[in-house]
Structure formats: C-alpha cells, structure tokens
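**Student:** Please read through the structure below; I'll follow up with questions.
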Amino acid sequence: MTNEFYTLRNDVKIPKIGFGTWQIEAGKKAYNAVKTAIKNGYRHIDTAQGYQNEASVGKAIRDSDVKREDIFVTSKLESHIKTYDEAKEAFNKTLEELGLDYIDLFIIHAPWPWNEMGKDCSEGNVQVYKALEEAYEAGKARAIGVSNFEPKHLQNIIDNNDIVPHVNQIGYFIGLDQSETIEFCDKNEIFIEAYSPLGIGYLLDNEVIQNVAKNYDKSAAQICIKYLLQKGVTPLPKSVHEHRMIENAQMDFDISETDMKLLDKIEGDPRRWD
Ligand code: A2P
C-alpha cells in the first residue's frame with residue numbers, strides 16, 4: 001500500500017498512506033520513527049513547525065537510502081502566523097530545518113491560532129496563503145494547501161487568492177462526521193488527508209470495529225485505516241512501534257459494502273483530551 005498513489009489536481013502524485021509525526025518528540029525518537037517508517041516502505045512523511053521535530057524528521061529523510069524525489073514530505077505553517085512576511089520567513093525556516101531544497105506539500109496548519117480557536121483570521125489567511133503561492137510558483141513547494149479548514153475558510157481563500165488549495169488535511173476517522181467539508185472539497189477538487197485515523201488510538205476499543213476486524217482477520221487499527229482508503233482519502237497513522245507501522249500499512253483486503261455501512265453508522269468522536 002505504501003507504493004500506491006493518488007493524484008492531486010496539479011498532477012502531483014501523493015502516496016496513499018502517510019506517516020504522521022505529531023507528538024513524536026524531536027531528537028532520537030522522531031529520527032528513529034521516521035527512519036523505521038521509511039525502512040518499512042513509507043514514502044509519505046507528515047510533520048509541522050508546531051510539532052517541533054522538523055530537524056529530526058528531515059535528518060531521517062536525508063539519511064535514508066531512498067532518493068529525495070521518492071519521498072513525499074509535508075510540513076505546516078504554525079497556526080499563529082497570519083502575516084505575509086512571517087509566513088515567508090517561516091517557510092524558508094522549514095526548508096532549513098528539514099535540510100531540503102523543496103517540500104512536496106506545505107499547508108496552513110489551522111484557520112486560527114490554536115489558542116484562539118474560532119477567531120476570524122480571514123485577511124491573515126489570505127496574506128499567508130500568498131506566501132505559500134509564491135513558494136509554489138518558485139518550485140519550492142510542489143503543492144500547497146490548508147489544514148482544519150471548514151468550507152467558509154476555504155471559500156475565503158478561493159475568493160481572494162489565485163490557487164485553489166490542493167489539499168485540506170482534517171481530523172477524519174470513523175464516527176467523526178466531516179461530510180460538509182468533504183462535499184465542499186470534492187466539488188472544488190481539494191484533496192482530503194485524514195489525520196488521527198485511529199482517533200488517536202481511542203477507536204481501537206470500539207466493539208463494532210473490533211467485530212468487523214474479525215471478519216477479515218485484521219486488527220481494529222487496520223479497519224480504521226482501510227475505511228479511510230475506501231473513502232478515497234489519505235490516512236496519516238502514526239506509531240513509534242515498528243510492528244504497528246508495518247501493520248498499519250498492510251492493506252491487502254477490502255471491507256465489504258455491508259461492513260462499510262456498519263462503520264458509517266458509528267457516531268461520536270472518541271478522543272479524550274485530558
Ligand atoms: P504508539 O505510537 O505507541 O504505537 P492516530 O494515528 O489516530 O493519531 O493514533 C495514534 C495512536 O495510536 C498512538 O498512540 C499510537 O501509539 C497508537 N497506534 C498506532 N498504530 C497502532 C496499532 N496498529 N495498534 C494499536 N495502537 C496503535
């Protein structure tokens with residue numbers, strides 16, 4: 001599965017499964033996790049300025065035996081940056097931290113600063129997206145986009161910028177209804193990436209998912225990931241354990257329509273933030 005691709009609107013190929021690195025501590029932990037993921041076939045690595053591990057992630061990518069052009073690398077602009085100048089500077093800093101000449105995908109991490117969720121940053125988002133468009137035009141980012149954007153945030157960019165975002169990375173997993181955003185993105189050819197595909201692990205206790213998993217002799221995690229692939233999006237599972245990295249990429253089965261419907265019926269976000 002790690003060598004299968006979707007194609008973005010601008011013809012850039014994106015590996016179907018990505019490896020997420022949120023909450024993987026900078027230094028040895030992030031370095032080893034990314035190195036191990038690459039060793040096990042992952043060719044799509046997702047980091048962010050806010051994860052504070054870009055340098056370790058970049059070093060693992062550079063140290064790997066895989067050619068740069070065969071790895072799809074994503075990073076994200078810190079959520080509090082909402083001016084053009086700061087965005088431009090931060091983008092260059094990302095390349096520097098990663099130690100790369102270009103990035104495959106660069107996205108605005110959120111429509112508002114994390115500590116001011118819901119704030120109207122329409123003008124700021126237009127400004128920072130301009131910096132992303134310039135990076136794209138200069139060939140320093142092969143695709144650009146956003147994360148955690150709802151239709152109204154996306155419409156603002158579409159109305160006031162030149163390039164429709166190629167990607168919107170959202171929290172998406174069994175039970176979390178993202179239909180409005182997905183419908184909007186489909187209409188505008190904005191590709192969806194799904195972070196927290198396992199509901200940061202909490203979905204794995206769900207009995208319906210566990211029962212479906214038994215039908216295929218697979219784990220609950222594999223069902224969560226395959227469900228998203230069958231929805232046509234890119235899941236970004238993360239694990240610091242090699243056997244789980246391997247498991248999360250073993251997708252040699254199809255969930256039946258009946259079971260997909262059962263999974264569709266699950267409701268509620270199981271994530272607990274305490
Ligand atoms: P760990 O890193 O200790 O393996 P999500 O990708 O939805 O954010 O979920 C990530 C969480 O799920 C992490 O805590 C990770 O723990 C755990 N996890 C990842 N893959 C698996 C798996 N195959 N089985 C069980 N837990 C997993």
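The values are calculated or read from the model by the stated rules, or taken from the named source; none is laboratory data. Quick caveat, the model's predicted, so the values are computed rather than measured. Here the Cβ positions follow ideal geometry from the backbone for every residue, glycine too, while neighbour counts run over all protein chains shown. Heads up: the accessible areas ignore ligands, DNA and RNA and are worked out on the full protein's heavy atoms, side chains in. Shrake-Rupley method; radii C 1.70, N 1.55, O 1.52, S 1.80 Å.
**Student:** Within the accessible area of the stretch 1-87, what % is carbon and sulfur when the probe is 1.4 Å and the other protein chains stay in place? Intermediate values should be presented prior to the final figure.
**Tutor:** Numbers: 1700 of 3900 Å².
C and S atoms contribute 44 percent here.
**Student:** Mind scanning K187/K261; K39/K152; K152/K265; K187/K238; K119/K238; K59/K218 and naming the pairs with a C-alpha gap bigger than 31 Å?
**Tutor:** On the way: K187/K261 23 Å; K39/K152 40 Å; K152/K265 27 Å; K187/K238 29 Å; K119/K238 29 Å; K59/K218 33 Å.
In this structure, K39/K152; K59/K218 exceed 31 Å between Cα atoms.
**Student:** I would also like to ask the following. Applying a 10 Å radius around every beta-carbon, put 176-184, 61-69, 226-234 in order of their mean neighbour count, most first. Present the calculation step by step, with values, prior to reporting the outcome.
**Tutor:** Numbers: 176-184: 14.9, 61-69: 12.2, 226-234: 20.3.
The most tightly packed comes first, giving 226-234, 176-184, 61-69.
**Student:** Same structure again: What 222 nm value per residue comes from the helices of the chain, counting each DSSP H run with n ≥ 4 as -39,500 (n - 2.57) and dividing by all residues, nearest 500 deg cm²/dmol? All intermediate terms of the calculation are to be shown ahead of the outcome.
**Tutor:** Details: 10 runs with 109 residues, N = 274.
Helix contribution divided over all residues of the chain: -12000 deg cm²/dmol.
**Student:** Normalised by the number of residues in the stretch 5-264, what is the relative contact order in percent for Cα pairs under 8 Å and 6+ residues apart? Write out the running numbers ahead of the final one.
**Tutor:** Details: 476 pairs, mean separation 45.2, N = 260.
Once divided by the residue count of the stretch 5-264, the mean separation gives 17 percent.
**Student:** Using alpha carbon centroids, what distance separates the stretch 128-193 and the stretch 49-72, in Å?
**Tutor:** 23 Å
**Student:** Would you list H153, H44, H80 from the most to the least accessible area, probe 1.4 Å?
**Tutor:** Details: H153 30, H44 0, H80 110 Å².
The ordering from most to least exposed comes out as H80, H153, H44.
**Student:** Using unit Cβ charges (K, R positive; D, E negative) and no other charged atoms, how large, in debye to the nearest 20, is the dipole of the chain about its Cα centre?
**Tutor:** On the way: 32 positive and 45 negative charges, 156 e Å.
In debye, rounded to 20, the chain gives about 740.
**Student:** Post the alpha-carbon centroid distance, the stretch 238-262 to the stretch 7-37, in whole angstrom.
**Tutor:** The stretch 238-262 and the stretch 7-37 have Cα centres separated by 17 Å.
**Student:** Say each of W22 and E96 gets a label point 7 Å from the Cα, pointing the same way as Cα to Cβ; how far apart are those two points in nm?
**Tutor:** 2.7 nm
**Student:** On to the next question. For the chain, what is the accessible area per residue in Å² when the probe is 1.4 Å?
**Tutor:** 47 Å²
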